[in-house]
1. Those residues that are over 22 Å from A:Leu111 (Cα atoms) and among the β-branched types (Val, Ile, Thr), I need them from the range A:236-262; list them, please.
2. I want to confirm something. Restricting to the range A:76-98 and keeping residues that are away from chain B (no Cβ under 11 Å) and among the aliphatic types (A, V, I, L, M), which single residue is nearest to A:Ala244 (Cα to Cα)?
3. Scan the range A:37-59 residue by residue and report those that are more than 8 Å from every other protein chain (Cβ to nearest Cβ), assigned to a helix (DSSP H, G or I) and either open to solvent by 30 Å² or more (accessible area, probe 1.4 Å) or farther than 14 Å from A:Gly109 by Cβ (or both).
4. Pick out the one residue from A:Pro62, A:Pro159, A:Pro120 that is more than 16 Å from the chain's Cα centre (by Cα), touching a residue at least 12 places away in the same chain (Cβ under 8 Å) and not in a helix (DSSP H, G or I).
5. Of the residues in the range A:60-70, how many are open to solvent by 60 Å² or more (accessible area, probe 1.4 Å) and either of a type in the set (Lys, Arg) or more than 8 Å from every other protein chain (Cβ to nearest Cβ) (or both)?
6. When you look at B:Asp60, is it open to solvent by less than 90 Å² (accessible area, probe 1.4 Å), part of a helix (DSSP H, G or I) and of a type in the set (D, E, K, R), yes or no?
7. What is the one condition in (1) under 23 Å from A:Leu249 (Cβ atoms); (2) of a type in the set (Val, Ile, Thr); (3) within 11 Å of chain B (Cβ to nearest Cβ) that A:Ile32 does not satisfy?
8. Condition first: away from every other protein chain (no Cβ under 14 Å), over 26 Å from A:Val104 (Cβ atoms) and not small (Gly, Ala, Ser). Can you find one or more residues in the range A:180-197 that meet it?
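The values are calculated or read from the model by the stated rules, or taken from the named source; none is laboratory data. Computed from a predicted model, the values in this text were never measured in an experiment. Cβ atoms come from the backbone with ideal geometry, glycine included; neighbour counts cover every protein chain shown. Heads up: the accessible areas ignore ligands, DNA and RNA and are worked out on the full protein's heavy atoms, side chains in. Shrake-Rupley method; radii C 1.70, N 1.55, O 1.52, S 1.80 Å.
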Amino acid sequence: MAAEQAKVDPMKQFAIEPIAGTQGWELAGFNIAFTNSAMWMLVTVVVLFLFVLGGMKRELVPGRWQMMVETFTGFIDNMLEANIGKEGRKYVPYVFSLFMFILVANLLGLLPLGIVGIHPFTFTSHFTVTGVLSIISFSIVLLVGFWKHGLHFFSLFVPHGTPLPMVPVIAPIEFISFMVRPFSLALRLFVAMMAGHVLLKVLSSFVIDGTNAGLGFGALVGLPSFILMIGISALEILVAGIQAYVFALLTSLYINDAEHLH
Amino acid sequence: MPQIAQLAETWSSQVFWLLIFFGITFFVIGRGMVPKVMDTVAQRDSQISGDLAAAKAARDAADAEEEAWRVKENENRAAAQAIVAKAKDEAAAKSETRLKAAQTRLDKKLVDAETRIAEARTAALTEVESVAVEAAQDIVATLAGVKVTRPTAAKAVKEAMIHG
């Protein structure tokens with residue numbers, strides 16, 4: 001009986017499986033198996049490349065596609081100009097890459113491709129991945145900060161107008177809040193993506209198990225859960241965009257700190 | 001939670017492939033393609049602002065031209081009106097002189113005619129007088145058988161004609 005029951009393990013979607021024949025790949029002693037996670041990174045790059053390629057027609061009067069790509073670049077450009085100012089323009093390539101990479105990854109992970117047997121893998125739900133991205137952002141902040149201001153960059157930890165006796169108290173707090181940034185950046189994206197996907201999987205198990213248990217349970221549990229799933233799927237699409245935006249926005253705010261020291 | 005359970009065996013592959021693919025995204029798309037897209041936008045913006053400026057300049061030029069045309073038109077109208085007025089005045093003056101000349105001619109004719117009438121009347125009167133003188137001589141000769149000389153008869157006739 002138990003074998004016949006549909007088993008929905010909400011965590012299985014996050015499992016990393018090397019694609020056949022690549023388990024043994026190594027580089028300098030480290031395993032670099034080409035996994036389903038890497039596969040979806042590749043898909044993300046290809047989709048993003050094709051998307052931006054469609055915007056490269058360089059027509060004076062843009063078509064829909066070109067307009068869409070230009071809307072995204074303009075959006076990032078405006079965000080950087082609003083948060084950093086004129087110097088922000090040189091970070092457009094990085095922040096655009098970051099934003100679009102996360103956005104496309106989030107959206108691809110939501111695609112209902114399981115119906116046709118392809119299982120989407122949301123690599124942004126792995127803190128290994130979000131951690132690397134946030135470390136890159138944080139490194140840029142540190143590099144820009146020390147490059148532009150030298151050791152004066154440490155004055156970031158003493159906000160303007162702090163009374164002198166308060167400095168020994170304020171500075172450690174500021175320092176800790178500064179050092180927490182890469183973790184909060186990485187964990188926010190990872191938690192948001194993972195929570196949404198787990199919730200959808202749990203609800204889908206309610207739908208399947210409830211409906212299998214009989215008509216009464218199906219009407220009482222399965223149907224409301226299914227309706228809730230539709231709503232939460234819409235919400236997840238929103239979250240996919242918001243989390244990508246938040247990641248890019250916070251990165252630009254941190255770069256602003258490095259550029260202008262408060 | 002596979003993220004933690006599989007961490008030891010998968011982290012290196014995750015990091016490696018992420019760096020590869022995010023690197024491709026950054027260098028090929030971010031640095032290669034995005035600046036071109038933004039270039040196009042900047043080009044279009046400058047084209048639009050240039051076109052707008054050109055259109056504004058053209059409109060201003062058209063306005064100025066219209067103003068100039070209006071001034072010229074007003075001048076032309078004034079000139080035309082002056083010409084018409086002058087022609088009218090000239091025509092009036094000409095007709096007046098001609099009228100005056102015609103009047104003069106008529107007056108002269110009238111005076112001539114009157115003179116002629118007066119002459120004719122005088123001549124007629126003289127004739128009547130001489131006829132009367134002859135008639136008076138004849139009448140006196142017939143009635144009184146007295147031969148009256150012509151001056152006497154003429155004198156008598158004159159007196160009679162004056163007294164009526």
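1. Of everything in the range A:236-262, those that are over 22 Å from A:Leu111 (Cα atoms) and among the β-branched types (Val, Ile, Thr) turn out to be A:Thr251, A:Ile255.
2. Only one residue tops the list, namely A:Met79.
3. Those that are more than 8 Å from every other protein chain (Cβ to nearest Cβ), assigned to a helix (DSSP H, G or I) and either open to solvent by 30 Å² or more (accessible area, probe 1.4 Å) or farther than 14 Å from A:Gly109 by Cβ (or both): A:Met39, A:Val43, A:Val46, A:Val47, A:Leu50, A:Phe51, A:Gly54.
4. So the residue among A:Pro62, A:Pro159, A:Pro120 that is more than 16 Å from the chain's Cα centre (by Cα), touching a residue at least 12 places away in the same chain (Cβ under 8 Å) and not in a helix (DSSP H, G or I) is A:Pro159.
5. 5
6. It is true that B:Asp60 is open to solvent by less than 90 Å² (accessible area, probe 1.4 Å), part of a helix (DSSP H, G or I) and of a type in the set (D, E, K, R).
7. Of (1) under 23 Å from A:Leu249 (Cβ atoms); (2) of a type in the set (Val, Ile, Thr); (3) within 11 Å of chain B (Cβ to nearest Cβ), only one is false for A:Ile32: (1).
8. Yes: one or more hits.
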